[in-house]
Amino acid sequence: MPTYRISEAATLLGVSDDTVRRWADAGKLPTVREPGSRILIDGRDLAEFATGIAESDRPAGLGAPIVAESARNRFTGIVTRVVRDGVMAQVEIQAGPHRVVSLMSRESADELGLEPGVLAVAAVKSTNVVVEVPRHPA
């Protein structure tokens, strides 16, 4: 399972690094300390936490202002839920303040290794959502 640094978790949740640190210090978000004092968050813990954040805790309008836009919109986030049946899969991604849900074949979800805690990108064009998995730095 991937782990995330405080800054990465903050980006995925759409909040500041300080907000993530406060949640961790308050015991709301479990962390692990890596040798060298680096604090990490387990992907499954982050996914579970992301689904429970109150909407009022998600500041709106974070990030740089949009100055250009393409036909495709990309939402980098963390997979929070995957529901599979015999043929299809429903994948939920929390990307900052946005929850994105994609329906895809079960085979696609399996090939991408989509599970709660996995970093993923939802590429949105019209009514279709394409889920991509970027390389996660070690």
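The values are calculated or read from the model by the stated rules, or taken from the named source; none is laboratory data. Just so it is clear, the model here is predicted, and its values are computed rather than measured. Cβ sites come from the backbone with ideal geometry, for glycine too, and all protein chains shown count toward neighbours.
Evaluate the following for residue 135: is it under 25 Å from residue 49 (Cβ atoms), part of a loop (DSSP other than H, G, I, E, B), under 15 Å from the mean Cα position of the chain (by Cα) and of a type in the set (D, E, K, R)? Answer is yes for this residue. Residues that are within 18 Å of residue 118 (Cα to Cα), in a helix (DSSP H, G or I) and of a type in the set (Ser, Thr, Tyr) within region 3-54 comprise 7, 11, 51, listed in sequence order.
Has region 77-84 got at least one residue that is assigned to a loop (DSSP other than H, G, I, E, B) and either more than 26 Å from residue 1 (Cβ to Cβ) or modelled with pLDDT of 55 or more (or both)?
There is no residue in region 77-84 that is assigned to a loop (DSSP other than H, G, I, E, B) and either more than 26 Å from residue 1 (Cβ to Cβ) or modelled with pLDDT of 55 or more (or both).
Identify all residues within region 74-109 that are acidic (Asp, Glu) and under 17 Å from residue 44 (Cα atoms); write none if there are none. Passing the criteria: only 92. Screening region 59-76 for residues that are modelled with pLDDT under 55 and closer than 20 Å to residue 16 by Cα and picking the one that is surrounded by the most Cβ atoms within 10 Å (Cβ to Cβ) gives 62.
Would you confirm, using the coordinates I've provided, whether residue 101 is within 16 Å of the chain's Cα centre (by Cα), under 15 Å from residue 51 (Cα atoms) and not in a loop (DSSP other than H, G, I, E, B)? For residue 101, the condition - within 16 Å of the chain's Cα centre (by Cα), under 15 Å from residue 51 (Cα atoms) and not in a loop (DSSP other than H, G, I, E, B) - is met.
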